[in-house]
Amino acid sequence: MAWGGPGGGGFGGPSATASSAAAGLPFAGVPEELAERAERILAAEPEHPAPDVTFTQIATDRRPFSLRVMLGTHRAGVALAIILVIVETLAGQAGPLLTKIGIDQGIGARSTSVLVTVSIIYVVSILVTIAAGAARVAWTGRLGEDLLFDLRVRVFAHLQRLSVDYYTDEKAGRLITRMTSDIEALSQLFQDGLVNLAVQGLTMVIVTVIMFWISPTLAVVTVVVVVPAMALLTLWFRSASDTGYALVRERIAEVLADLSESLSGVRS
């Protein structure tokens, strides 16, 4: 692995340092006393194969780009994630119901067999929740990274198709922000946001069904009073958070754009 020119060694030896100093340029290489150690570290690094990416500047997909279209390319992975979410949620919500059965039909009825059976099922449900949760976190994390990879490739392909006039009017720092921090912010949506939405939605359905099964009157009161209030607060928070989030991303884009333009004017 070659890092420097002739006579300068792998990282640029004394001649490279002397020529940089003579030209009035700052030293940007590896210090001489660390060059040999750095060479040994690089020699031990594994070789990384070239990424398998299919890239074209021709727009082959004319459909409007949306979350549904993006998730559609990973149907099998999304289906497995949904199954893991359902298993985790059902196992996690079994605890309160098993507790009720254990108290009413076990302790209240002085039935040791019912109490032991419920306890065993409770422990099994906890183990299933832990296993399904661990599998879900690992799978959704990998799936989220795959989605981000596809999104980065698609955004980069789109940038390659834009005209020169667009790059003349647009700041480079703003484009860098769209490709880096803005896309990275979507990882929370893919790995946590959609999963939490599915978990919370399924939990609400399960809890509502159990409430109507145990006490229909109390369930009706809860649904009529609590659900509308929560829906209104959710809609208000969504509107306020959308405005604030868009403002934050715009401010970050402006900061990185000014930083990029300032650094590009510094002699290196």
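The values are calculated or read from the model by the stated rules, or taken from the named source; none is laboratory data. Just so it is clear, the structure is predicted and the values come from calculations on it, not from any experiment. Note that each Cβ is placed from the backbone with ideal geometry, even for glycine, and that neighbours are counted across all protein chains shown. For accessibility, only protein heavy atoms count, side chains too; no ligands or nucleic acids. Shrake-Rupley method; radii C 1.70, N 1.55, O 1.52, S 1.80 Å.
For beta carbons closer than 9 Å, sequence separation of 6+ or different chains, a first residue in region 236-248 that is under 14 Å from ALA185 (Cα atoms) and a second that is assigned to a helix (DSSP H, G or I), the qualifying pairs are TYR245/ALA185. Screening region 170-253 for helices (runs of 4 or more DSSP H) wholly inside it with 2 or more residues that are over 19 Å from LEU67 (Cβ atoms), of a type in the set (S, T, N, Q) and open to solvent by less than 90 Å² (accessible area, probe 1.4 Å) returns the ranges 194-214.
Residue by residue, here is whether (1) of a type outside the set (D, E, K, R); (2) crowded, with 16+ Cβ neighbours inside 10 Å holds:
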{"site": "LEU67", "(1), (2)": "yes, no"}
{"site": "LEU80", "(1), (2)": "yes, yes"}
{"site": "LEU84", "(1), (2)": "yes, yes"}
{"site": "GLY95", "(1), (2)": "yes, no"}
{"site": "ASP104", "(1), (2)": "no, no"}
{"site": "ILE107", "(1), (2)": "yes, no"}
{"site": "VAL123", "(1), (2)": "yes, no"}
{"site": "THR129", "(1), (2)": "yes, yes"}
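What residue, of LEU84, LEU97, LEU71, is at pLDDT 85 or above, part of a helix (DSSP H, G or I) and closer than 30 Å to LEU194 by Cβ?
Working: LEU97 fails: at pLDDT 85 or above; LEU71 fails: at pLDDT 85 or above.
The match here is LEU84.
All of (1) of a type outside the set (Gly, Ala, Ser); (2) open to solvent by less than 80 Å² (accessible area, probe 1.4 Å); (3) free of Cβ contacts under 8 Å to residues at least 12 places away in the same chain hold for TYR166 with one exception: (2).
Residue-by-condition table, conditions (1) under 23 Å from GLU254 (Cα atoms); (2) touching a helix residue (DSSP H, G or I) at 6+ places or on another chain (Cβ under 8 Å); (3) at pLDDT 80 or above:
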position: LEU151; (1), (2), (3): yes, yes, yes
position: SER163; (1), (2), (3): yes, no, yes
position: ARG174; (1), (2), (3): yes, yes, no
position: SER181; (1), (2), (3): yes, yes, no
position: ILE210; (1), (2), (3): no, yes, yes
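From the list ALA240, ALA257, ALA157, ALA229, the lone residue that is among the small types (Gly, Ala, Ser) and touching a helix residue (DSSP H, G or I) at 6+ places or on another chain (Cβ under 8 Å) is ALA257.
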